[in-house]
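Comments concern the structure below.
The values are calculated or read from the model by the stated rules, or taken from the named source; none is laboratory data. Please read these numbers as outputs of a predicted model, since none were measured by experiment. Cβ placement follows ideal geometry from the backbone for every residue including glycine, while neighbour counts extend to all protein chains displayed. Note: accessible area is taken over every heavy atom of the protein model, side chains too, but ligands, DNA and RNA are not part of it. Shrake-Rupley method; radii C 1.70, N 1.55, O 1.52, S 1.80 Å.
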Amino acid sequence: MFRNLTVTCINGGADGAGAVAAIQTTMAQLPGSSGLLISTSRPANLPSSIGHARVYPFSYLQYSMFVIHCLHCFIETEFVLIVQEDGWALNGANWRPEWWTYDYVGAPCHAARVGDSFLDRYSWEGNPDAIQVMNGGFSLRSRRFLQAANNYGILYDFNQNQKKMLCEDLQLCLIMRPELEHHGLRFAPLECASTFAIEAFGPQTHAGIDTRTLFGHHTNYLKLRDGAVVDCKVPEPVVNSLFRENEKLELLRHYGYRIRFPGDTSWQMI
């Protein structure tokens with residue numbers, strides 16, 4: 001079913017060993033998919049079922065340029081699913097065939113453009129004409145999308161005042177989007193992206209969403225380790241104080257993950 005899909009992670013600063021569990025877990029949820037780790041060297045824990053491509057070291061900024069202008073050279077399938085150690089598939093049964101009809105699908109972020117203004121703390125409320133960023137850390141992209149910036153001469157834009165605007169997902173979803181859409185590339189609508197994955201809950205976008213219908217997630221304070229262990233970088237009370245974030249922990253528990261909080265000396269079996 002997923003032979004047209006490569007699950008991949010890119011790490012230009014290390015061997016990528018920390019992302020192996022995310023690739024394996026996601027591949028298991030998507031039977032028939034391929035796996036590929038792109039990193040500076042092959043890690044010792046990489047199984048033979050996951051391919052490896054070596055790249056020269058690059059910085060955080062260069063990561064964005066690599067994804068936009070170089071990643072297509074490493075992907076042979078029709079689609080790629082980008083994962084990271086803090087973003088992976090939760091339930092393959094929640095996959096929706098309609099996602100194949102788009103060139104880019106990612107979780108809605110708290111960042112958007114309203115007119116000529118960039119909103120870094122966008123609340124998804126009161127701006128029906130906002131252009132929303134879809135997170136790139138766990139995202140589905142067509143190979144045509146990977147090739148588009150190069151094929152159509154759409155260049156990475158360094159002339160942005162906000163540092164965050166240099167991130168590849170903001171470049172693609174805000175700066176390059178008009179040109180990409182002009183050439184026929186399709187971004188998933190907000191309501192579709194909201195079921196694909198979760199990054200951070202929003203009162204408007206996720207008010208009625210059942211977390212068990214989500215396909216995946218990307219959460220910068222949760223890291224997947226071997227053996228279904230998830231390291232949570234912040235204390236549980238802090239997570240519980242955020243809008244619906246406790247439900248994310250409960251969702252992981254539902255799927256059999258063990259969560260390790262800062263300072264834990266014993267396991268919490270989930």
Exercise. Return the carbon/sulfur percentage of the accessible area of the chain, one whole number, probe 1.4 Å, all protein chains in place.
Key: 50
Quiz item: Ranked from highest to lowest mean number of other Cβ atoms within 10 Å per residue, what is the order of the peptides 195-202, 114-121, 90-97?
Solution: 195-202, 90-97, 114-121
Quiz item: With the calculation restricted to Cα positions, what are the radius of gyration and Dmax of segment 191-266 in angstrom?
Solution: 12.6, 41
Quiz item: Can you give the accessible area per residue of segment 160-242, in Å², using a 1.4 Å probe?
Solution: 44
Self-check item: Value of Rg to Rh for the chain (Rh from inverse mean 1/r over Cα pairs, i.e. Kirkwood)
Solution: 0.94
Quiz prompt | Computed [θ] at 222 nm, helices only, for the chain once each DSSP H run of length n ≥ 4 contributes -39500 (n - 2.57) | solution = -5500 deg cm²/dmol
Quiz item: How many angstrom separate the Cα center of segment 89-138 from the Cα center of segment 206-270?
Solution: 21
